[in-house]
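The structure under discussion appears below in the form of structure tokens.
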Amino acid sequence: LEGLDLAGGYRFRYFHSQGKEWKHFAHVFSAGLAFDFPAGFDLDTRASYEFRDFVSPSTFPDRETVSFQYGLSDADRKEHEVRFDAELAKAITTNLSVSVRYSYLENESNRRVFDYTRHLGGAYVNFRFD
């Protein structure tokens with residue numbers, strides 16, 4: 001191991017939108033680890049947790065109903081997001097590298113339409129213009 005970097009932080013965000021449905025306050029906690037290995041390999045990892053407290057209820061129903069009129073909840077929308085990203089890169093030259101990346105995102109909401117989990121992965125050729 002040739003190097004190790006540790007990072008972390010907290011961020012507060014207020015998102016103002018034209019309509020009330022997307023306006024929210026957010027608290028974001030994040031951490032990251034970066035490893036420098038011999039032979040030009042680097043591993044970067046980042047993790048975060050975000051709590052979003054929306055100012056208004058959602059216009060989406062709590063549950064799906066067929067052939068019935070549904071009522072909307074008056075509870076404000078709340079979401080918890082967990083994210084993890086990792087990238088393993090290998091330097092080929094000063095400006096050229098190859099990498100593989102993985103990203104995981106889980107969004108948990110009190111409105112079912114906003115509940116989802118996402119996995120993304122890929123291989124990349126990177127060129128830097130210095």
Is one or more of the residues making up segment 21-29 part of a strand (DSSP E or B), at pLDDT below 95, more than 16 Å from the chain's Cα centre (by Cα) and closer than 16 Å to R111 by Cα? yes
Being closer than 30 Å to H16 by Cα, surrounded by 12 or more Cβ atoms within 10 Å (Cβ to Cβ) and at pLDDT 90 or above: is that true of F51 here? yes
What do you reckon, is V98 surrounded by fewer than 14 Cβ atoms within 10 Å (Cβ to Cβ), within 25 Å of the chain's Cα centre (by Cα) and at pLDDT 95 or above? yes
Can you name the residue in segment 114-130 that is modelled with pLDDT under 95 and either touching a Ser or Thr at 6+ places or on another chain (Cβ under 7 Å) or surrounded by 13 or more Cβ atoms within 10 Å (Cβ to Cβ) (or both) and, of all such residues, is farthest from V82 (Cα to Cα)? N126
Does segment 34-48 hold any residues that are at pLDDT 95 or above and aliphatic (A, V, I, L, M), and which are they? A34, L43, A47
Reported set for segment 101-126 where residues are aromatic (F, W, Y), assigned to a strand (DSSP E or B) and within 19 Å of the chain's Cα centre (by Cα) is Y102, Y104, Y116
Give just the number: which of (1) open to solvent by less than 90 Å² (accessible area, probe 1.4 Å); (2) more than 19 Å from the chain's Cα centre (by Cα); (3) at pLDDT below 90 does R77 not satisfy? (2)
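The values are calculated or read from the model by the stated rules, or taken from the named source; none is laboratory data. Owing to the predicted nature of the structure, the values given are computational and were not obtained by experimental measurement. Neighbour counts run over all protein chains shown; Cβ positions are idealised from the backbone, glycine included. Surface accessibility is based on the protein's heavy atoms, side chains included, excluding ligands, DNA and RNA. Shrake-Rupley method; radii C 1.70, N 1.55, O 1.52, S 1.80 Å.
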